[in-house]
Amino acid sequence: MDRMNWTEIEFMLQGLSEYPKVEKLLFIMCLMMYLVILLGNSTLIILILLDSRLHTPMYFFLGNLSFLNICYTSSFIPLMLIHFLSQKKTISFTRCVVQMSVSYTMGSTECVFLAVMAYDRYVAICNPLRYPIIMSKALCIQMAALSWGLGFLNSLTETILAIQLPFCGKNVINHFVCEILAFVKLACADISLNEIAIMLGNVIFLFSPLLLICISYIFILSTVLRINSAEGRKKAFCTCSAHLTAVTLFYGTILFIYMKPKSKDSAVDKLIALWSSHSHANDMPIIYSLRNTEVLEL
């Protein structure tokens, strides 16, 4: 479709339109969760900025993750809340693309950040004496910039490929949000290239960071097992327990969504996807607040 006609395209986000009473309940639940996400992540960012005890590489990366969670949820929840209460559940082509690209950027960036934080924990435990030298402020900024840059580049590539597709007919997205795979499947053209690009992107940004995380924790475990005192092993475990919990929840949720048998009722799958998109952003500040003495002491 010609670029000049993009403004004429609208998509309908079906959500749970067939269950209006359920949508009213979801509005209340999602609004409460969104407010908790904003409050929790914003509080962590403010604490990290104001308290000098939290001016460490780990909390620098955590602040980035909290900001990322706010951006991710804000890209789709406000409009979704409006749709829960309205009969018209349409979204323009431009807003759909923006929503899709922002959420994809945040997801890709978070994968890289989790790998970067695993490296930070590796240096802290395996090279504690050289930790301040290795994890310098300059290196932390470079690693954060690299994480954001790679996430943006991945999303930009997928988005450019997606918006070049022609759309025709009834553009109904059977979801609450504009999701890239659901978006490209509405095109009236061959989407093989898009599917290959999405698959490659998932492999690179999901499994490559996971591999780096596993390698980091193999070295960490090896170092911890060589520590003689039980107190030393406990302290080393506490140093990385919050990050390990966050990684487990993040990848566990993804594997659960994509590897579980497809439900006969599509509404169930949509509710599970909706819950997972909220829960991780909501759990992040809780995990790091409860698992780190620095935050608990504030």
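The values are calculated or read from the model by the stated rules, or taken from the named source; none is laboratory data. Remember, predicted model here, so these are calculated numbers, not experimental data. Neighbour counts are summed over all protein chains in view; Cβ atoms, including those assigned to glycine, are modelled from backbone coordinates with ideal geometry. The protein model used for the area step is the full one, side chains on, heavy atoms only, and it has no ligands, DNA or RNA in it. Shrake-Rupley method; radii C 1.70, N 1.55, O 1.52, S 1.80 Å.
Of the candidates S52, S103, S86, S74, the single residue that is under 17 Å from the mean Cα position of the chain (by Cα) and free of Cβ contacts under 8 Å to residues at least 40 places away in the same chain is S74.
Rundown of residues vs (1) touching an Asp or Glu at 6+ places or on another chain (Cβ under 8 Å); (2) of a type in the set (A, V, I, L, M); (3) modelled with pLDDT under 85; (4) more than 30 Å from M117 (Cβ to Cβ), yes/no style:
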| residue | (1), (2), (3), (4) |
| --- | --- |
| L13 | no, yes, yes, yes |
| S17 | yes, no, yes, yes |
| I28 | no, yes, no, yes |
| L39 | no, yes, no, no |
| I46 | no, yes, no, no |
| F61 | yes, no, no, no |
| V98 | no, yes, no, no |
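Taken together, the residues in segment 233-249 that are in contact with a helix residue (DSSP H, G or I) (Cβ under 9 Å, 6 or more places away or on another chain) and either of a type in the set (D, E, K, R) or open to solvent by 20 Å² or more (accessible area, probe 1.4 Å) (or both) amount to 7.
The residues of segment 83-120 that are part of a helix (DSSP H, G or I), β-branched (V, I, T) and under 15 Å from A182 (Cβ atoms) amount to a single one, V97. Taking the criterion of being surrounded by 17 or more Cβ atoms within 10 Å (Cβ to Cβ) and in a helix (DSSP H, G or I), the residues of segment 153-179 that qualify are N154, S155, E158, T159, L161, A162, I163. Of all residues in segment 18-41, none that is at positive phi has its Cβ atom under 7 Å from the Cβ atom of a residue that is part of a helix (DSSP H, G or I), 6 or more apart or on another chain.
Considering segment 44-58, and only residues there that are open to solvent by 60 Å² or more (accessible area, probe 1.4 Å) and in contact with a helix residue (DSSP H, G or I) (Cβ under 8 Å, 6 or more places away or on another chain), the residue that is nearest to L85 (Cα to Cα) turns out to be L49. Residues that are part of a helix (DSSP H, G or I) and closer than 18 Å to T239 by Cβ were ranked within segment 134-146; the one that is least open to solvent (accessible area, probe 1.4 Å) is C140.
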